[in-house]
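Here's the structure we're looking at; comments come further down.
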Amino acid sequence: MPIIEIALIQVRRGQEYQTGVPQLKPGEMAWAEDTENLYIGKRIVEGASNDSNSRILTEKDLNKIFQIAQASVAQANSSTAYRYRGDIPYGNQPGQLMSTTSTYANKLNNWVSLTDFNPVWPPFEGNDITTILQNAIGIIASNNLSSGVIFQNGTGVGPVPILIPAGNWTISASISLPPFTTLIGDGIGMTVLNYSSGDNSDNPMFQTVDAGGLSFTEGMETSNGENARHVSLRNMSLIIPSNSITDAAMISLDNVQDVYLENLFIGSTSTVDITSDSIGIKIRTSMIAGPDLTLLPSNNININNCIFNRIAQGIYNEGSVNRITIRDSEFNWLNQGISSYNTSTLNCVNGLIDNNKFENIATEAILIGTDTNVVTSYVVSSNNTFRNVGCDYEGEDSQITSVITFNDLGCQSINDYFDRLATATVDNSFSLWQPWVSGNATVKSGATYFKTLNVGETENIIKLPMAVKTQSATINYKLDNTVMTRTGTLTVNISKPSDGYSDVTDSYSYFESEENASTFLTFSTNLNFVIANYIILTCNNSSGLETTLEYTVDLIN
């Protein structure tokens with residue numbers, strides 16, 4: 001700004017309460033000795049906004065600022081001054097909103113951040129939040145209760161969700177999850193929890209405990225309202241070291257009911273081979289079921305929109321579990337996807353595995369039960385996609401296991417897509433062929449396949465793997481050329497490889513413009529590949545016309 005005048009600073013002084021403060025000249029200062037206020041004059045003609053004096057803040061004003069702040073805190077804690085969308089009139093008429101008033105303190109306490117317990121900022125890699133997070137939750141160790149957000153020692157306050165802000169954090173020991181724990185991050189790849197203990201400890205990163213802080217190995221309570229329940233983790237990445245050699249689980253769900261795991265990345269972000277026996281989610285139950293399945297300690301477990309990447313197993317269950325749902329998730333580069341092993345009388349009951357993607361799984365994508373203790377489980381796999389599964393990461397020409405193995409009874413595969421089944425519909429020279437689904441199951445693939453049948457040729461239609469027991473394949477088909485249309489159902493009975501036989505029953509109806517045109521296409525099985533554990537369904541076209549074949553495949557094992 002331009003300099004108007006350089007002159008000696010003039011300071012008036014007097015008693016503000018007695019004479020008041022006169023109008024000062026521009027730049028002139030006045031000191032009030034009784035009030036300890038300092039003023040400076042200004043004028044509009046010199047560019048000021050008005051002609052009144054301006055008071056200058058001094059050291060005396062600092063105490064007033066603190067008093068104002070304290071009054072503001074009291075106002076926030078006591079005054080019902082906050083109302084959602086206070087600019088909208090209260091009421092239930094059009095243009096009104098029935099949101100009530102509350103205190104600012106209550107509004108702020110609706111959410112709790114990890115930073116409320118310690119200013120862990122900035123979130124640099126290696127910043128260990130283990131103790132801070134456990135303090136926030138409220139349980140330090142078994143039977144040593146600490147007042148936190150979740151566990152309030154009977155005060156009746158809480159539980160409140162704990163926000164873990166975006167950052168690259170470290171967890172160095174197991175975190176206990178008592179009843180009603182909810183942890184929420186800012187998203188996959190945003191809130192990243194690195195398990196530094198995962199390379200030298202078999203302890204899980206997170207584990208459920210009962211209301212007294214007891215874990216699975218400490219005899220946790222499984223009833224009487226003290227059991228583990230209502231646990232939720234959302235929107236974060238749980239990372240295990242890429243060079244880990246442990247069998248630790250990232251999340252251990254033990255004797256717990258009503259679990260919601262959503263939008264989680266679990267595993268390693270590295271591209272190196274898997275070197276550990278690590279598990280993404282382990283589910284354990286210490287009791288077997290009685291007549292009422294709802295009383296099982298492990299009940300109603302929901303896993304949605306999660307990513308399991310480069311660990312040994314995605315989800316592992318051991319013991320009796322009622323109602324587990326796994327939806328909209330991805331399983332990538334694992335030794336095994338989902339496995340569940342039964343107890344003496346019961347396994348994972350009423351399970352649903354729906355709309356997931358399995359890619360590059362060395363052995364089975366889904367393994368339910370054992371062949372030595374067959375029970376009834378009622379597990380359904382539906383609308384899933386399986387690519388390069390059971391091939392030890394080598395592709396479909398190196399099949400070593402089935403894609404799905406249902407050892408237990410009552411299991412189904414419905415509308416699942418198998419790359420292996422798609423490959424089975426074309427000619428190839430594979431010498432080894434494993435079933436896409438083996439064990440005790442009903443398979444309804446839902447996919448439709450097409451084949452062109454050349455004139456005078458016997459075409460290979462599909463390879464049907466031979467399991468350890470007899471099987472039945474149902475193939476619904478449609479044949480079509482310029483003089484006829486034929487629709488039918490093939491029933492193919494397939495023996496065990498040791499017996500080596502099969503037969504085909506063909507039931508069909510037709511429309512034809514030339515007599516007997518529909519009879520010139522016949523189906524049979526080629527048994528030359530029984531030694532390689534599969535047979536081939538063929539169709540001979542002696543109609544003299546190129547014919548298209550459209551078909552679906554269902555199996556009963």
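Inside the range 389-406, can you point out the residues that are touching an Asp or Glu at 6+ places or on another chain (Cβ under 7 Å) and among the polar types (S, T, N, Q)? Those that are touching an Asp or Glu at 6+ places or on another chain (Cβ under 7 Å) and among the polar types (S, T, N, Q): Ser398, Thr401, Ser402, Thr405.
Going through the range 400-417 one residue at a time, which ones are surrounded by fewer than 23 Cβ atoms within 10 Å (Cβ to Cβ) and not aliphatic (A, V, I, L, M)?
Thr401, Gly410, Gln412, Asn415, Tyr417
The number of residues in the range 516-544 that are in contact with a helix residue (DSSP H, G or I) (Cβ under 9 Å, 6 or more places away or on another chain), part of a loop (DSSP other than H, G, I, E, B) and surrounded by 17 or more Cβ atoms within 10 Å (Cβ to Cβ) comes to 1. Only a single item in (1) in a strand (DSSP E or B); (2) free of Cβ contacts under 8 Å to residues at least 60 places away in the same chain is not met by Thr401, and it is number (1).
Scanning the range 165-185 for residues that are under 14 Å from the mean Cα position of the chain (by Cα) and either at positive phi or not small (Gly, Ala, Ser) (or both) returns Leu183, Ile184.
If only residues of the range 186-206 that are over 19 Å from the mean Cα position of the chain (by Cα) and of a type in the set (Gly, Ala, Ser) are counted, the one that is surrounded by the fewest Cβ atoms within 10 Å (Cβ to Cβ) is Ser201. Candidates Leu233, Leu264, Leu296: the one that is more than 17 Å from Ile338 (Cα to Cα), within 23 Å of the chain's Cα centre (by Cα) and either at pLDDT below 85 or in the same structural domain as Ala166 (by TED's automatic domain parsing) (or both) is Leu233. Taking the listed residues Asn407, Asn383, Asn440, the one that is modelled with pLDDT of 90 or more and out of contact with any helix residue (DSSP H, G or I) (no Cβ under 7 Å at 6 or more places or on another chain) is Asn383, with no other qualifying.
Looking only at residues of the range 243-256 that are surrounded by 19 or more Cβ atoms within 10 Å (Cβ to Cβ) and not in a strand (DSSP E or B), we find that the one that is modelled with the highest pLDDT is Asn255. Every condition in (1) part of a loop (DSSP other than H, G, I, E, B); (2) at pLDDT 70 or above holds for Thr80 except the one numbered (2). Note on the range 445-483: among residues that are of a type in the set (Lys, Arg) and surrounded by fewer than 20 Cβ atoms within 10 Å (Cβ to Cβ), the one that is nearest to Ala517 (Cα to Cα) is Lys478. Residue check: Ala517 meets all listed conditions (1) closer than 19 Å to Ser472 by Cα; (2) among the hydrophobic types (A, V, I, L, M, F, W, C); (3) modelled with pLDDT of 90 or more but one, namely (1).
Condition test on Thr489, is it free of Cβ contacts under 8 Å to residues at least 24 places away in the same chain, hydroxyl-bearing (Ser, Thr, Tyr) and farther than 12 Å from Asn541 by Cβ? When the stated conditions are applied, Thr489 passes them. Only one entry of Ile162, Ile150, Ile171, Ile184 meets the criterion of being under 29 Å from Thr246 (Cβ atoms) and at pLDDT below 90, and that entry is Ile150. Among the residues of the range 267-287, those identified as buried (at least 24 other Cβ atoms within 10 Å of the Cβ) and over 17 Å from the mean Cα position of the chain (by Cα) are Ser278, Thr285. Residues in the range 83-112 that are within 18 Å of Leu163 (Cβ to Cβ) and either at pLDDT below 80 or part of a loop (DSSP other than H, G, I, E, B) (or both): Ala105, Asn106, Lys107, Leu108, Asn109, Asn110, Trp111. On the basis of being at pLDDT below 85 and assigned to a strand (DSSP E or B), does Lys463 make the cut? So Lys463 passes the test. Could you grab the pairs with beta carbons closer than 6 Å, sequence gap of 6+ or different chains, first residue in the range 365-377 and assigned by TED's automatic domain parsing to the domain that holds Val389 and closer than 15 Å to Thr401 by Cα, second one hydrophobic (A, V, I, L, M, F, W, C) and in a loop (DSSP other than H, G, I, E, B)? What qualifies is Ala365/Val403. Taken over the range 354-383, the criterion of being more than 20 Å from Ala467 (Cβ to Cβ) and either more than 18 Å from the chain's Cα centre (by Cα) or in a loop (DSSP other than H, G, I, E, B) (or both) is satisfied by Asn355, Asn356, Asn360, Ala362, Tyr378, Asn383.
The values are calculated or read from the model by the stated rules, or taken from the named source; none is laboratory data. What you see is a predicted model, and the numbers here were worked out from it, not measured in a lab. Cβ atoms come from the backbone with ideal geometry, glycine included; neighbour counts cover every protein chain shown.
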